[in-house]
1. Where the accessible area of the stretch 1-93 is counted over protein heavy atoms with a 1.4 Å probe, how much of it, in %, is carbon and sulfur?
2. For the pairs K20/K137; K20/K60; K20/K66; K66/K161, note any where the Cα-Cα span goes beyond 26 Å.
3. How much area per residue is accessible in the stretch 1-57 when the probe is 1.4 Å and only protein heavy atoms are counted (Å²)?
4. Ranked from highest to lowest mean number of other Cβ atoms within 10 Å per residue, what is the order of the peptides 9-16, 53-60?
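The values are calculated or read from the model by the stated rules, or taken from the named source; none is laboratory data. The structure displayed is predicted, hence computed values, not measured ones. Neighbour counts are summed over all protein chains in view; Cβ atoms, including those assigned to glycine, are modelled from backbone coordinates with ideal geometry. Areas reflect the complete protein model, heavy atoms only, side chains present, ligands, DNA and RNA absent. Shrake-Rupley method; radii C 1.70, N 1.55, O 1.52, S 1.80 Å.
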Amino acid sequence: MNKPIVSIVIPVYNREWQLKRALSSVLSQTYQDFEVLVVDDASSTPPDEVIANFNDDRTKLIKLQKNGGPGRARNIGVEESKGEWIAFLDSDDEWFPNHLEVRLAYLENSFFVGAYGPTSIFRNGDLKQQCNSRPLKDNEYMLEYLLSGRLKASTPSLMVKR
């Protein structure tokens, strides 16, 4: 059985200086069978140079002509993706090195079609806050959970099956 391919969607708008950190965390993953789709949401300071400096063929830049917000940029990234699994990362966030490996190990050994988890917030290298997601209620679908109001699962923690 082939390893599943993960498509990582990163929307960016005028954050090329932070995108470098996000991309570094992706390219440093212990699981390496992925593609990265950076969706530039019509930035006035495009991230072309940041992406070019990584010189990684798995990274694709999609440039939008009109700003539509991160949700639209994510949707376009998903439409352009080729992976069996889709993971989301915001341009101002980063993952622990084993993020993809842990998510895939969990999902491959379950009947679930998606996973999410807690988020750690660091400032100047110090852990400032741990944001835990609540578990799904009995018979609650993940989509219902995500659309039910208050933020319960942060975007960078999500991985879903295509």
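1. 48 percent
2. Numbers: K20/K137 37 Å; K20/K60 14 Å; K20/K66 23 Å; K66/K161 28 Å.
Check vs 26 Å cut-off fails for K20/K137; K66/K161.
3. I get 50 Å² per residue for the stretch 1-57.
4. 9-16, 53-60
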